[in-house]
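*Asks:* Have a look at this one.
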Amino acid sequence: MIDHNRMTEVFSAYDIALTEEQMAKLCRYAALLVEWNEKMNLTAITDPEGVLVKHFLDSILPFSFVQLPQGASLIDVGTGAGFPAIPLLIWRPDLKVTLLDSLKKRLTFLEEVLKECELTATVIHSRAEDGGRNPALREKFDLATARAVANLRELSEYCLPYVRSGGMFYALKGMAYQEEIADAEKAIHLLGGRLQEAKPYELPDGSGQRALVCIKKISQTSTKYPRNAAKMAKSPLV
């Protein structure tokens, strides 16, 4: 579906090298995404260039700016169609990835992707706030990621409970990331986190600036959190 030469061109422009095997896995993933998208709503982006840039590059590029520890455990909260975790796993197969989503149909798709692309990851069917209160998952991960799930204030409440002290939460955000950071400052502090930095970047499609927001977990999250979505909406952490 995606031309290997074009994929090499796009990634090499950012000094990211992919092997032929990695490109083959990304191409298989893209084909499955388009095929399954005809049966269920996974993404509005299905053209080859859009999948390559807005899904694959945007899932891998921001993590080329940070040091992800070898063999780190990572949970992708509200993973949806698998972004950023599956492209990231293809690029960094040493990571121990958990994919968490509330919709069983999406997880069925992800299980097929893992099988077809010969990838190993744990798949969990749960709402983000329920998983964050589960002792088997709470503060058990070195890293948590989330992309296009909610604004940073609520996203921090969903994701920081999964991260162990000393770990990192990485949020992939769009052009309004600076405003979101300002709105989320109190929440990040209350949840045991500390904003480390935001790493801005741009994709080659001219869609504007994006950023990887890097939040370090410096202390345990209070057992009051995460709350459910209704309580978050009624009483935001501001």
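Every number in this text was worked out from the coordinates using simple rules, so none of it is lab data. Just so we're clear, the structure is a prediction, and the values are computed from it rather than from any experiment. We place every Cβ from the backbone using ideal geometry, glycine too, and count neighbours over all the protein chains shown.
*Asks:* Amide H of Ile16: which non-local residues (sequence gap of 5 or more, or other chain) have their own amide H closer than 5 Å, using H built in the peptide plane?
*Replies:* For Ile16, no residues qualify.
*Asks:* Related question: Where in the chain are the helices, taken as whole DSSP H runs, whose Cα atoms extend 30 angstrom or more along the long axis and whose Kyte-Doolittle mean reaches at least -1.0?
*Replies:* Correct list, ordered by number: empty.
*Asks:* Which net charge results when you count Lys and Arg as +1 and Asp and Glu as -1 among the other residues whose beta-carbon is under 12 Å from that of Tyr29?
*Replies:* With Lys, Arg at +1 and Asp, Glu at -1, the neighbours total -1.
*Asks:* Positive end of the charge dipole of the chain (Lys, Arg +1 and Asp, Glu -1 on Cβ, about the Cα centre): tell me which of Asn5, Ala171, Cys159 has its Cα farthest that way.
*Replies:* Value computed over the given set: Cys159.
*Asks:* Name the lysines eligible as straight-distance cross-link partners of Lys140: C-alpha to C-alpha under 18 Å, and not fewer than 8 places from it in the same chain.
*Replies:* Counting by Cα, and skipping residues close in sequence, Lys140 has these lysines nearby: Lys96, Lys216, Lys217, Lys224.
*Asks:* Putting +1 on Lys and Arg Cβ atoms and -1 on Asp and Glu Cβ atoms, find which of Leu143, Trp91, Leu110 reaches farthest to the positive end of the dipole of the chain.
*Replies:* Positive-most Cα among the choices belongs to Leu143.
*Asks:* Next up: Restricting to DSSP H runs of at least four residues, report the calculated mean residue ellipticity at 222 nm for the chain, -39500 (n - 2.57) per run over all residues, nearest 500 deg cm²/dmol.
*Replies:* Numbers: 8 runs with 81 residues, N = 238.
Dividing the helical sum by the residues of the chain leaves -10000 deg cm²/dmol.
*Asks:* Mind putting a number on the dipole of segment 4-234 about its Cα centre? Charges go on the C-beta only, +1 for Lys and Arg and -1 for Asp and Glu, and I need it in Debye to the nearest 20.
*Replies:* 1120 debye
*Asks:* Which whole-number percent is the relative contact order of segment 111-238 (Cα, under 8 Å, 6+ apart)?
*Replies:* On the way: 223 pairs, mean separation 33.5, N = 128.
It comes to 26 percent, rounded to a whole number.
*Asks:* Run the quick spin-label model on Thr120 and Glu20: label points 7 Å from Cα toward the beta carbon, then report their separation in nm to one decimal.
*Replies:* Between Thr120 and Glu20, the simple spin-label model gives 2.5 nm.
*Asks:* Another question about this same structure. Which entries in the list Lys39/Lys104; Lys115/Lys173; Lys25/Lys54 go over 21 Å, if you measure between the two C-alpha atoms of each?
*Replies:* Table pairs above 21 Å Cα-Cα are Lys115/Lys173.
*Asks:* Report for segment 4-234 the percent antiparallel among DSSP-assigned beta bridges with both residues inside it, nearest 5.
*Replies:* So the antiparallel bridges in segment 4-234 amount to around 45 percent.
*Asks:* Let me ask something else. Mind ranking 138-145, 154-161 by how tightly packed they are, going by the mean number of other C-beta atoms within 10 angstrom, highest first? Walk me through the intermediate numbers first.
*Replies:* On the way: 138-145: 22.1, 154-161: 27.5.
Result, highest mean first: 154-161, 138-145.
*Asks:* Tabulate in residue order the Karplus-calculated ³J(HN,Hα) for segment 75-86, using 6.51 cos²θ - 1.76 cosθ + 1.60 with θ = phi - 60°, rounded to whole Hz; enter x for Gly and Pro.
*Replies:* Those phi angles translate into 10, 9, 8, x, 5, x, 8, x, 9, x, 5, 6 Hz.
*Asks:* Sticking with this one: Per-residue counts of other Cβ atoms within 10 Å, averaged by peptide: what ranking do you get for 200-207, 85-92, 214-221, highest first?
*Replies:* With the highest mean Cβ count within 10 Å placed first, the list reads 85-92, 214-221, 200-207.
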